[in-house]
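Report on the following structure.
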Amino acid sequence: MFTQVLIRGFEVGLLFRDGEFAGLLAPGRHWFFDLVRKIRVDVVSQRTPDLVHEQLDLIVKSGALNDRAVVLDLQEHQRALVWIDNRFSRVLPAGLHAFWTGQRQVRTEVVDARAVRFEHPELKSILSSATSRQCLDVFTVGRDCAGVLHQDGQYQATLIPGTYAFWKGQGEVKVVEIDLRENQIDIAGQDLMTADKATLRINAVVTYRVADPQRALSQSHDLRTALYRETQLVLRAVVGTRELDQFLTDKEAVSRELEESLRGRTAELGLELSSVGIRDVILPGDMKELLNRVTAARKEAEANLILRREETAAMRSQANTAKLLSESPALMRLRELEALERIAAAGKLNVVVGDKGLTDAVLKLL
């Protein structure tokens, strides 16, 4: 007939009579006369701050928790952040929640989730809790990247590198990461025809970076493919207006025109063009042989021209020398002496008698 209940110092008793909440029991021994078993006491610990009970709504409505606990009745658009002993504990969804304040320090913060994006000075600590991932979608934008944020299909913002959180159940949120670093596309060889109907194959390289992430994402589902196709079309148009010799002698002009033509289109795609260059020019076998023959003929003609020029210069020099010798007998005499000196240096001197001239001069010298 009598029921004894012991409640320790860190505990609280929840007293129920006939299934109805009747009040709180303080620490100590409590005796109840319960002949028909209509009294029930649920003993709960305050060392675990959160009060979870099937009849929590009745307990709260009775007012018994006033000054004894923190009570939160969160609407569908509300969430709550809970700190226990100045350490973040959990994120609370919509519903009724209660936390004892007798044994632990409890602090709460109610947040409006209709803003969708969740920003907080202690975001890093909040996201480290396992319960936060149940209420929040988390996206991380890496270094040297930008994040394009869409909510319910509508563009909202461009995010700088960092971690971002969004409340679940408040709309469809999507963050697409875009790399902002310079990138290169190799334009594989394609057969092009010049203005004089010569066929050649060109390999090019395009260097670019994303300047407008939102435009880059909305204008094309595949930026690299779009830029690749545009470069091919422009390259075909630029090469088609030049003859082969003109193209081969001034490839830099082709690169400049190609770059200028591509800048407008890349800006529409949200890109910034850094450079465009022609890497390789491949000619068909017969065209290569023909060019080699033309080059060989040109070099041979240049060699003949140089040879004739040198022969002409040598003959002119000889004519000038002969003129000087004929006008100056003393100079002629010196030249003869030089010739004799070279002959004597050989160690053997043979004198051949002939007509007048050098022979008489040699005999006189001897």
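Where a number appears in this text, it was derived from the coordinates with a stated rule and is not lab data. All of these numbers come straight from a predicted model, not from anything done at the bench. Cβ sites come from the backbone with ideal geometry, for glycine too, and all protein chains shown count toward neighbours.
Tabulated results
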{"quantity": "Residue in the range 87-96 that is closer than 22 Å to residue 21 by Cβ and buried (at least 19 other Cβ atoms within 10 Å of the Cβ) present", "calculated": "no"}
{"quantity": "Hits in the range 166-211 (condition: of a type in the set (Phe, Trp, Tyr) and within 15 Å of residue 276 (Cβ to Cβ))", "calculated": "208"}
{"quantity": "Single residue of the range 97-133 satisfying the filter (assigned to a loop (DSSP other than H, G, I, E, B), among the β-branched types (Val, Ile, Thr) and under 34 Å from the mean Cα position of the chain (by Cα)) that is surrounded by the fewest Cβ atoms within 10 Å (Cβ to Cβ)", "calculated": "131"}
{"quantity": "Tally of residues being crowded, with 19+ Cβ neighbours inside 10 Å and over 19 Å from residue 209 (Cβ atoms) across the range 243-273", "calculated": "3"}
{"quantity": "Residue match in the range 105-125 (condition: under 19 Å from residue 46 (Cβ atoms), aliphatic (A, V, I, L, M) and out of contact with any Gly (no Cβ under 8 Å at 6 or more places or on another chain))", "calculated": "yes"}
{"quantity": "Residue tally, condition more than 24 Å from residue 79 (Cα to Cα) and assigned to a strand (DSSP E or B), over the range 134-158", "calculated": "8"}
{"quantity": "Filter result (surrounded by fewer than 19 Cβ atoms within 10 Å (Cβ to Cβ) and assigned to a strand (DSSP E or B)) within the range 188-199", "calculated": "188, 189, 190, 191, 193, 199"}
{"quantity": "Pairs where the first residue, in the range 50-72, is over 17 Å from residue 13 (Cβ atoms) and the second is part of a helix (DSSP H, G or I), C-beta under 7 Å, 6+ apart", "calculated": "71/60"}
{"quantity": "Of all residues making up the range 155-173, the number that are of a type outside the set (Val, Ile, Thr), under 13 Å from residue 217 (Cβ atoms) and out of contact with any Phe, Trp or Tyr (no Cβ under 9 Å at 6 or more places or on another chain)", "calculated": "3"}
{"quantity": "Single residue of the range 11-52 satisfying the filter (among the polar types (S, T, N, Q) and part of a loop (DSSP other than H, G, I, E, B)) that is nearest to the chain's Cα centre (by Cα)", "calculated": "48"}
{"quantity": "Qualifying residues in the range 126-156 (those that are of a type in the set (D, E, K, R) and out of contact with any Gly (no Cβ under 6 Å at 6 or more places or on another chain)) - the one farthest from residue 88 (Cα to Cα)", "calculated": "144"}
